[in-house]
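Participant: Handing you a structure now.
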Amino acid sequence: MRIAVTGATGLIGSALGRSLRADGHEVVRFVRREPAAADEASWDPERGYVDPAGLAGCDAVVHLAGAGVGDHRWTAEYKRKIRDSRVKGTAAMARAVAAMAEPPAAFVCGTAIGYYGDTGDRAVDEDAPAGEGFLPEVCVDWEAAAAPAQEAGVRTVFARTGLVVAAEGGAWGQLFPIFKAGIGGRLGNGRQYWSHISMHDEIAALRFLVDTPSVSGPVNLTAPEPLTNREVTAAMGRVLRRPAVFAVPAPVMRVVLGEFSQDVLGSQRVRPARLLESGFVFRHPGIDDSIRAALEA
């Protein structure tokens with residue numbers, strides 16, 4: 001297959017590209033600069049431009065581009081960047097796909113479980129409504145921006161990803177050095193739910209969504225059973241064989257992270273109902289195996 005990928009240099013996008021190429025698929029990486037390699041194509045989400053030659057002949061588009069949520073303090077300017085990078089980018093790619101004479105069979109748009117907001121102890125699946133707050137609002141607009149592709153009859157999937165357990169980047173990548181140093185511990189009271197997924201299962205799930213014609217709409221990419229931050233902390237200490245007794249109080253988190261602390265301290269108990277119903281099999285359903293896999297990657 002020929003598959004276009006945006007966000008191809010990011011944590012998930014680069015891993016997806018390696019997986020696809022290893023199985024003999026052709027990957028077209030969309031970049032926001034002049035293409036420097038034969039497998040690159042240009043796009044400019046701010047201007048709404050997508051090189052149609054890069055999409056020509058593609059069987060699927062996997063759209064993963066967007067500014068990092070936890071990379072910077074949430075100033076008004078950076079919040080605008082978070083939103084625009086997702087909404088404008090999705091709209092540009094969806095319009096480009098819809099305009100094709102022979103569009104790809106699938107448009108897999110990476111979104112986030114931030115859609116649900118803080119769910120507390122309440123377990124939610126894809127049928128749950130959007131929550132309240134900045135990230136839920138971004139996610140709603142993000143998914144709505146894909147309307148041109150849906151209206152053109154392209155099978156569109158919203159891959160709502162949870163916390164990816166990876167040592168090389170993302171939120172979890174920041175945890176590994178701390179726990180390896182023996183100074184890790186729970187965040188806040190530790191009772192908030194973290195809906196995680198191993199990197200292997202994240203990539204396998206994205207490929208499953210590309211390959212499965214019966215699946216469309218929102219799909220949660222999380223392990224079957226979400227855990228509390230306290231349980232995750234215990235697992236990190238157990239697998240790394242390090243103490244995990246240092247807690248970071250909620251007031252300190254609010255000072256250091258600002259508004260983003262609401263999401264770190266918030267609880268999201270999200271289950272992947274549609275993945276399981278569709279026959280997807282997790283390789284790392286448990287947290288211990290997910291952590292070990294990240295260390296071995």
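The values are calculated or read from the model by the stated rules, or taken from the named source; none is laboratory data. Model, not experiment: these values are computed from the prediction. Note: ideal-geometry Cβ built from the backbone for every residue, glycine included; neighbour counts use all protein chains shown. SASA here: full protein model, heavy atoms, side chains in, ligands and nucleic acids out. Shrake-Rupley method; radii C 1.70, N 1.55, O 1.52, S 1.80 Å.
Participant: Checking Ala94 against (1) surrounded by 15 or more Cβ atoms within 10 Å (Cβ to Cβ); (2) closer than 20 Å to Pro136 by Cβ, which test does it fail?
Facilitator: Status for Ala94: all satisfied but (2).
Participant: Across the range 53-82, what is the total count of residues that are open to solvent by 90 Å² or more (accessible area, probe 1.4 Å) and free of Cβ contacts under 8 Å to residues at least 60 places away in the same chain? Steps first, please.
Facilitator: So the first thing to find is which residues in the range 53-82 are open to solvent by 90 Å² or more (accessible area, probe 1.4 Å), and the list is 71-73, 77, 80-81.
Among the residues that remain, those that are also free of Cβ contacts under 8 Å to residues at least 60 places away in the same chain are: 71-72, 77, 80-81.
Looking only at that region, the number is 5.
Participant: Given Ala235, Ala204, which one is modelled with pLDDT of 95 or more, under 23 Å from the mean Cα position of the chain (by Cα), under 23 Å from Leu64 (Cα atoms) and among the aliphatic types (A, V, I, L, M)?
Facilitator: On the way: Ala235 fails: under 23 Å from Leu64 (Cα atoms).
Result: Ala204 is the single residue among Ala235, Ala204 that is modelled with pLDDT of 95 or more, under 23 Å from the mean Cα position of the chain (by Cα), under 23 Å from Leu64 (Cα atoms) and among the aliphatic types (A, V, I, L, M).
Participant: What are the residues in the range 102-133 that are touching a residue at least 60 places away in the same chain (Cβ under 8 Å), of a type in the set (A, V, I, L, M, F, W, C) and either surrounded by 18 or more Cβ atoms within 10 Å (Cβ to Cβ) or over 22 Å from Ala171 (Cβ atoms) (or both), if any?
Facilitator: If the condition is that a residue be touching a residue at least 60 places away in the same chain (Cβ under 8 Å), of a type in the set (A, V, I, L, M, F, W, C) and either surrounded by 18 or more Cβ atoms within 10 Å (Cβ to Cβ) or over 22 Å from Ala171 (Cβ atoms) (or both), then Ala105, Ala106, Val108, Ile113, Val124 are the ones that fit.
Participant: Let me ask something else. Where residues in the range 161-182 are touching a residue at least 60 places away in the same chain (Cβ under 8 Å) and part of a strand (DSSP E or B), which of them is nearest to Gly117 (Cα to Cα)?
Facilitator: Among those residues, the one meeting the criterion is Thr161.
Participant: Quick check on the range 157-178. Is at least one of its residues aromatic (Phe, Trp, Tyr), under 11 Å from the mean Cα position of the chain (by Cα) and closer than 23 Å to Arg269 by Cβ? First the steps, then the outcome.
Facilitator: Quick first cut of the range 157-178, residues aromatic (Phe, Trp, Tyr) only: 158, 172, 176.
Imposing the further condition that a residue be under 11 Å from the mean Cα position of the chain (by Cα) reduces the set to 158.
Cutting the leftovers down to closer than 23 Å to Arg269 by Cβ gives us 158.
Yes: one or more hits.
Participant: For Val140, state whether it is β-branched (Val, Ile, Thr), in contact with a strand residue (DSSP E or B) (Cβ under 7 Å, 6 or more places away or on another chain), in a helix (DSSP H, G or I) and open to solvent by 10 Å² or more (accessible area, probe 1.4 Å). Quick ask: steps written out before the conclusion?
Facilitator: Numbers: β-branched (Val, Ile, Thr): yes; in contact with a strand residue (DSSP E or B) (Cβ under 7 Å, 6 or more places away or on another chain): no; in a helix (DSSP H, G or I): yes; open to solvent by 10 Å² or more (accessible area, probe 1.4 Å): yes.
It is false that Val140 is β-branched (Val, Ile, Thr), in contact with a strand residue (DSSP E or B) (Cβ under 7 Å, 6 or more places away or on another chain), in a helix (DSSP H, G or I) and open to solvent by 10 Å² or more (accessible area, probe 1.4 Å).
Participant: Right, next: Could you say whether any residue in the range 181-191 is open to solvent by less than 30 Å² (accessible area, probe 1.4 Å) and among the β-branched types (Val, Ile, Thr)? Steps first, answer last, please.
Facilitator: Initial filter on the range 181-191 (open to solvent by less than 30 Å² (accessible area, probe 1.4 Å)): 182, 184-185, 187-188, 190.
Subset that is among the β-branched types (Val, Ile, Thr): none.
No: the range 181-191 contains no residue that is open to solvent by less than 30 Å² (accessible area, probe 1.4 Å) and among the β-branched types (Val, Ile, Thr).
Participant: If I filter the range 38-45 for residues that are at pLDDT 95 or above, within 23 Å of Leu206 (Cβ to Cβ), open to solvent by 40 Å² or more (accessible area, probe 1.4 Å) and within 17 Å of the chain's Cα centre (by Cα), do I get at least one hit?
Facilitator: No, that holds for no residue.
Participant: Return yes when Glu26 is in contact with a Lys or Arg (Cβ under 9 Å, 6 or more places away or on another chain), loosely packed, with under 15 Cβ neighbours inside 10 Å, in contact (Cβ under 8 Å) with a residue 24 or more places away in the chain and closer than 16 Å to Arg2 by Cβ and no when it is not. So that I can check it myself, show each step before the final result.
Facilitator: Numbers: in contact with a Lys or Arg (Cβ under 9 Å, 6 or more places away or on another chain): yes; loosely packed, with under 15 Cβ neighbours inside 10 Å: yes; in contact (Cβ under 8 Å) with a residue 24 or more places away in the chain: yes; closer than 16 Å to Arg2 by Cβ: yes.
In short, yes.
Participant: Separate question: Taking only the range 271-284 into account, find how many residues are touching a strand residue (DSSP E or B) at 6+ places or on another chain (Cβ under 9 Å), farther than 18 Å from Pro213 by Cβ and not in a helix (DSSP H, G or I).
Facilitator: Residues meeting the conditions: 5.
Participant: Just give me the residues in the range 13-23 being part of a helix (DSSP H, G or I) and either open to solvent by 90 Å² or more (accessible area, probe 1.4 Å) or touching a residue at least 24 places away in the same chain (Cβ under 8 Å) (or both), in sequence order.
Facilitator: Residues of the range 13-23 part of a helix (DSSP H, G or I): 13-22.
Across the range 13-23, the qualifying residues are Gly13, Ala15, Leu16, Arg18, Ser19, Leu20, Arg21.
Participant: Condition check: at pLDDT 95 or above, open to solvent by less than 30 Å² (accessible area, probe 1.4 Å) and assigned to a helix (DSSP H, G or I). Does Ala294 satisfy that?
Facilitator: Working: at pLDDT 95 or above: yes; open to solvent by less than 30 Å² (accessible area, probe 1.4 Å): yes; assigned to a helix (DSSP H, G or I): yes.
When the stated conditions are applied, Ala294 passes them.
Participant: Oh, and also: Tell me, which residue of the range 151-178 that is modelled with pLDDT under 90 and open to solvent by less than 10 Å² (accessible area, probe 1.4 Å) is farthest from His63 (Cα to Cα)?
Facilitator: Applying the first criterion (modelled with pLDDT under 90) to the range 151-178 yields 168-178.
Now narrow it down to the ones that are open to solvent by less than 10 Å² (accessible area, probe 1.4 Å): 172, 176.
Values: Trp172: 22, Phe176: 28 Å.
Of everything passing the filter in the range 151-178, Phe176 is farthest from His63 (Cα to Cα).
Participant: Another question about this same structure. What's the total number of residues in the range 1-12 that are open to solvent by 70 Å² or more (accessible area, probe 1.4 Å) and under 15 Å from Gly54 (Cα atoms)? Break it down stepwise before answering.
Facilitator: If we filter the range 1-12 for residues that are open to solvent by 70 Å² or more (accessible area, probe 1.4 Å), which is where we start, we get 1, 9.
With under 15 Å from Gly54 (Cα atoms) added as a condition, the list becomes 1.
Within the range 1-12, residues that are open to solvent by 70 Å² or more (accessible area, probe 1.4 Å) and under 15 Å from Gly54 (Cα atoms) number 1.
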